Amino acid sequence: LPLDERLERRIIDGERQGLEADLDEALQTRDAIAIINDTLLSGMKTVGDLFGSGQMQLPFVLQSAEVMKAAVAHLEPHMEKADGAGKGTIVLATVKGDVHDIGKNLVDIILSNNGYTVVNLGIKQPINAIIEAAEEHKADAIGMSGLLVKSTVIMKENLAELLQRGMATRWPVLLGGAALTRAFVEDDLRDMFSDGEVHYARDAFEGLSLMDRVMT
Ligand code: B1M
């Protein structure tokens, strides 16, 4: 198989052996971000489709996710880092009840490499923990990730909690994850969170440009 297809296949099949060598070969012609965006994420999309249509069982999805994580970890040191730190601090978490963290961790990498301090709380984080961390680290923004449809409901509840505690204007909130739509965030959630600021990020790079925007 050609290199690109081979890499995509590795994600789909959860085949770790030889991964690093293939990634190193790919790095000779393309940068790390392009490999993730054009090849690895397309493999993850296929995994999601196969799982969604019942053609792939959960343990295999997990294996694919492990290979994806290993690939991102191998590529991370090769990513360009912007000069200067201290552009601002964001508390980042996958919301309560949700274990998906590959996208969140990509957001972490992209923001960290571009001068932001990221306090990554991990998965299944209740709003209390997010608020506590945002206060403790004097965060400039809160970022929530979630991939389950249920998580979009949790995000809405989290915004309601911020409102209820009179904290809606404290932190701009960035939301991302496959179950969200721009319309849901920019119409429904903005309506109920009109005192504060809530933004939708389609991918990690939109997350970065939103951070740049809220920090100016
Ligand atoms: Co799950 N899973 N999964 N899963 N899984 C989905 C999300 C699903 C769509 C698959 C499907 O049915 N086709 C489906 C959700 C359906 C729904 O809610 N309607 C699903 C399901 C059902 C489940 C379980 C319930 C299965 C079960 O137990 N029966 C279970 C849930 C457990 C739980 O959370 N409580 C489950 C478990 C798992 C694994 C553990 C096996 C594994 C996760 C491993 C891990 O993350 N450590 C897994 C995986 C890998 C997936 C799919 C296949 C791939 C997700 C992924 O990593 N994508 C997924 C299918 C899909 O998404 N279509 C699926 C790559 C990643 C880079 O994309 O996270 O979207 P994503 O991030 C993107 C953007 O969304 C954005 O940036 C990234 C790109 O740059 N982004 C942000 C994300 N967060 C952001 C935050 C920001 C900004 C941008 O700012 C704050």
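Every read-out reported here was derived from the displayed coordinates using simple, explicitly stated rules and does not represent laboratory data. In this text the structure is predicted, and so the values were computed from the model without any measurement. Neighbour counts run over all protein chains shown; Cβ positions are idealised from the backbone, glycine included.
Using the structure shown, list the pairs from 96/156; 69/124; 45/156 with a Cα-Cα distance above 22 Å, or answer none.
45/156
Among 182, 190, 165, which one shows the biggest mean-square fluctuation in a GNM of the chain, springs joining Cα atoms closer than 10 Å?
165
What size of dipole, in debye to the nearest 20, comes out for the chain about its Cα centre when the only charges are +1 on Lys and Arg C-beta atoms and -1 on Asp and Glu C-beta atoms?
So the magnitude is around 440 debye.
Express in nm, to one decimal, how much length is gained between residue 213 and residue 79 on full extension, taking 0.36 nm for each residue of separation and deducting their alpha carbon distance.
46.0 nm
Considering the dipole of the chain built from charges on the beta carbon (Lys and Arg +1, Asp and Glu -1) around the Cα centre, which of 130, 120, 92 is farthest to its positive end?
130
Sort 168-180, 191-203 by the packing proxy (mean of other Cβ within 10 Å over each peptide's residues), most packed first.
Listed from highest to lowest mean packing, they are 168-180, 191-203.
If I build a Gaussian network model for the chain, linking alpha-carbon pairs within less than 10 angstrom, which residue out of 145, 53, 112 has the largest mean-square fluctuation?
53
Shape call for region 17-153 from the C-alpha gyration tensor, a ≥ b ≥ c root eigenvalues: rounded (a/c under 1.5), prolate (a/b greater than b/c) or oblate?
Here region 17-153 falls in the oblate category.
Remind me, relative contact order of the chain in percent, using alpha carbon pairs under 8 angstrom and six or more residues apart?
The normalised contact order for the chain reaches 16 percent.
Show which lysines lie in cross-link reach of residue 81 when reach means a straight Cα distance below 19 angstrom and same-chain residues fewer than eight apart are skipped.
104
Pick from 120, 37, 158 the residue whose mean-square fluctuation is largest in a GNM of the chain, springs joining Cα atoms under 10 Å.
Among 120, 37, 158, the largest GNM mean-square fluctuation belongs to 37.
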